[in-house]
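The structure appears below as C-alpha cells.
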C-alpha cells in the first residue's frame, strides 16, 4: 500500500497560490466549459491503449477530469475509471455526462489530498490537467498510485501556428491593449518548435519512471465568432482579467473576426501524449 505521508504538505509559495486561484476559475461556469472545450483526436485513444495499456478492463485513475472531455471516450473503451476532479460543479457535470457508464466513478476532491485506494491502478491519466497539480506532489503520488509497470499518461495541448494565421497575428493588438501583461509581438510557435524536454526532465528527476515516449497530433478546429468567444471565456487567464478589461478584449476580438474574417476563424492545436512506465 503506498505511503502518502509525503504528500500531505502543500507548497504555499506565491506561484502555488496563483496556480490554485487560477485552477478554481474553471468551476465558476462549468456548463460553459463543458460546451466550449474541445475533446481529443481518436488517434490519442489508440495510442493510450498501445503505449499505456488503457484497454478494456484496465483500472484507470484520471486526474482532473473536468467535465469528461477525455473520460467519456475512454469509458467507451470499457476501462474501469476513477476520475478525480477538484471543482464540484465540474464533477457534477462529469457525472451527468457519464451517467450511462457504470464502470466510471467521479470523485470530487483535490488529487493532492485525495487518499489513494489500496489497489493500485494500471494507468494514471491527466488530460490537460497535470500542470495544475502541485509540482511537489504530482510525480511521486502518480507513481504511488500505479502498480509496478503501470503507466503515467500526460496529455498537453497548445495553440500552434496554422489555421487562420493572420488573425492570430492581428489579434495581439487587442491583447496588448486590454492586457498589459501581454508580451509585444507574441506569436504562436510552429509545432516543430514546441519542446517537450521539461516534462521528460521532470519524469527523469522523479526517479520513479522509465524514459517517456511521446506521440503528437495536430488538429484544426473552426469556430464562429460566438463559439470562439465562449472558448476564450473558459481560459483561466482571460477569466482572471478585471471585468472591464475582459469585456473590452472580447469585444475587440469579436469585431476583428466579424469585420475581417467573415465571422469564422480556425485554430490549430498541437496535442502531445507522454507515457512513462513506473519502474
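Read-outs: derived from the displayed coordinates by stated rules, not from any lab. What you see is a predicted model; the values in this text were computed from it and never measured. Note that we place each Cβ from the backbone using ideal geometry, even for glycine, and neighbour counts take in every protein chain shown.
Percent of Cα-Cα pairs more than 26 Å apart in the chain, please. If you can, show how the numbers build up before the last one.
Details: 17563 of 38781 pairs.
Tail fraction, whole percent: 45.
Let me have the 222 nm mean residue ellipticity of the chain computed from DSSP H runs of 4+ only, each contributing -39500 (n - 2.57), with the sum over all residues rounded to the nearest 500.
-10000 deg cm²/dmol
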*Using only the alpha carbons, work out the radius of gyration and Dmax of the stretch 222-279 in angstrom.*
15.8, 55
*Taking the mean number of other Cβ atoms within 10 Å as a proxy for protection, how do you rank 179-187, 142-150 from highest to lowest?*
142-150, 179-187
*For the stretch 224-279 and the stretch 153-191, write down the distance between their C-alpha centroids in whole Å.*
9
*Taking the Cβ of each residue in 34, 195, 78 as the centre, tally the other Cβ atoms inside 10 Å and list the residues starting with the fewest.*
195, 78, 34
*asked:* Angle check, please: helix 14-24 long axis (alpha carbons) against the longest principal axis of the chain (alpha carbons), in degrees 0 to 90, nearest 10.
replied: 80
_Placing one identical point scatterer on every Cα of the stretch 26-88 and ignoring solvent, what is log10 I(q)/I(0) from the Debye formula at q = 0.16, 0.22, 0.30 Å⁻¹?_
-0.54, -0.92, -1.32
*For the stretch 147-279, restrict the atom set to alpha-carbon positions and state the Rg and Dmax in Å.*
18.1, 56
*Quick one: order 46, 230, 62 by neighbouring beta-carbon count within 10 Å, fewest to most.*
46, 230, 62
*Least to most buried among 199, 159 (fewest other Cβ within 10 Å first)*: 159, 199
*Using the C-alpha gyration tensor of the stretch 79-163, what are the square roots of 5 times its eigenvalues, in whole angstrom, with the largest one first?*
21, 19, 14
*Could you sort 107-113, 65-71 so that the peptide with the highest average Cβ count within 10 Å comes first and the rest follow in order?*
65-71, 107-113
*What percent do you get for the relative contact order of the chain when only Cα pairs under 8 Å and 6+ apart count?*
23
